Amino acid sequence: YDNNPYLVIDDSGEQYWVIDAYTMSSNYPFSQKVQLENGEKINYIRNSVKVIVNAFDGTMKFYITDRTDPIVMAYWNMYPSLFEDLNAEIPEDISKHFLYPEYLYNIQADILKQYHQVQPEVLYRSDDVWDTAKENTSQVTTLVGTDINPYYTAVKTVDNAETILGLVLPYTVNEKQNINAYLVGSYNEEGEQELKLYKFNKDAAILGTLQLDTLIEQDEKIS
């Protein structure tokens, strides 16, 4: 279960906790493993269940949101009384407030540092490895910085006419400072999770966060 459930309010004013639940495995064939904070290594994760908890009386409803996940479908066959009917829809006035889960996003964002590249020879040589953009978190500007944490913000992308609430993280080429891509996790109008990677042109010199920090520090009025 996600360690950060969040509270939403439906159209009638009722309050509900939303808990993201995951299925995991370390036995998925030919897949890169990542190490979790507790030391466990996995190479398969799906956010296949949403648990909706009534904040007033504690009533819990377990909705399967990914029927293509064989692990959660096995659970559904084992514990049929636990889950809501497969055809049951999460009420729209709750689902429209869903946030892309940061726990899942962090794992995906880390894997994409290397596996955004789909050309086998480039992937094999590790010629195109990315890094998380850095920022200065101290009063003294440094050239090293610390990794930016993913953040929720209003996003209007080139392929979306509407502003959406997305979870965002910028990338740089490994050991470089210019921003070359950013990753957006969000929900679409159909209530489905979307993870999109937006790349800048190679000749686009987009200032990185460390470079912006330096410019701000050099401006006496702002600093």
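The values are calculated or read from the model by the stated rules, or taken from the named source; none is laboratory data. The structure displayed is predicted, hence computed values, not measured ones. Glycine also receives a Cβ, built like all others from the backbone with ideal geometry; neighbour counts cover every protein chain displayed. Note: areas computed on protein heavy atoms with side chains; ligands, DNA, RNA excluded. Shrake-Rupley method; radii C 1.70, N 1.55, O 1.52, S 1.80 Å.
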**OP:** Looking only at segment 93-104, decide whether some residue is over 27 Å from Gly166 (Cβ atoms) and either at pLDDT below 95 or not polar (S, T, N, Q) (or both).
**Re:** no
Subject >> Leading residue by the ranking (farthest from Ile107 (Cα to Cα)) among those in segment 162-181 that are without any contact (Cβ under 8 Å) to a residue 24 or more places away in the chain and open to solvent by less than 80 Å² (accessible area, probe 1.4 Å) >> reply: Ile164
**OP:** Could you run through segment 118-132 and say how many residues are surrounded by 15 or more Cβ atoms within 10 Å (Cβ to Cβ) and among the aromatic types (Phe, Trp, Tyr)?
**Re:** 1
Original post:
Which pairs have Cβ atoms under 8 Å, sit 6 or more apart or on different chains, and link a residue in segment 107-126 that is more than 22 Å from Asn38 (Cβ to Cβ) to one that is in a helix (DSSP H, G or I) and of a type in the set (S, T, N, Q)?
Top reply: Leu123/Gln114; Ser126/Gln114
**OP:** Filter segment 51-89 down to the residues that are β-branched (Val, Ile, Thr) and open to solvent by less than 30 Å² (accessible area, probe 1.4 Å), then identify the one that is farthest from the chain's Cα centre (by Cα).
**Re:** Val53
**OP:** For segment 194-208, name all the residues that are open to solvent by 40 Å² or more (accessible area, probe 1.4 Å), over 19 Å from the mean Cα position of the chain (by Cα), under 15 Å from Trp130 (Cβ atoms) and modelled with pLDDT of 85 or more.
**Re:** Phe200, Ile206
Subject >> Near pairs, Cβ below 8 angstrom, 6+ apart or cross-chain, from segment 182-208 (at positive phi) to any residue that is surrounded by 12 or more Cβ atoms within 10 Å (Cβ to Cβ) and of a type in the set (Gly, Ala, Ser) >> reply: Gly191/Ser95
Original post:
Looking at segment 115-167, which of its residues are assigned to a loop (DSSP other than H, G, I, E, B) and touching a helix residue (DSSP H, G or I) at 6+ places or on another chain (Cβ under 6 Å)?
Top reply: Gln117, Asp128, Val129, Ala133, Asn136, Thr141, Gly145, Pro150
Original post:
Looking at Glu217, is it surrounded by 14 or more Cβ atoms within 10 Å (Cβ to Cβ) and either touching a Cys at 6+ places or on another chain (Cβ under 6 Å) or not in a strand (DSSP E or B) (or both)?
Top reply: yes
Original post:
Could you list, in sequence order, the residues of segment 150-185 that are polar (S, T, N, Q) and modelled with pLDDT under 95?
Top reply: Thr157, Asn160, Thr163, Thr172, Asn174, Gln177, Asn178, Asn180
Subject >> Top-ranked residue of segment 7-50 - restricted to ones that are outside any strand (DSSP E or B) and charged (D, E, K, R), ranked as surrounded by the fewest Cβ atoms within 10 Å (Cβ to Cβ) >> reply: Glu37
Subject >> Which numbered condition Gly191 misses (of (1) touching a helix residue (DSSP H, G or I) at 6+ places or on another chain (Cβ under 9 Å); (2) under 30 Å from Glu92 (Cα atoms); (3) open to solvent by less than 30 Å² (accessible area, probe 1.4 Å)) >> reply: (3)
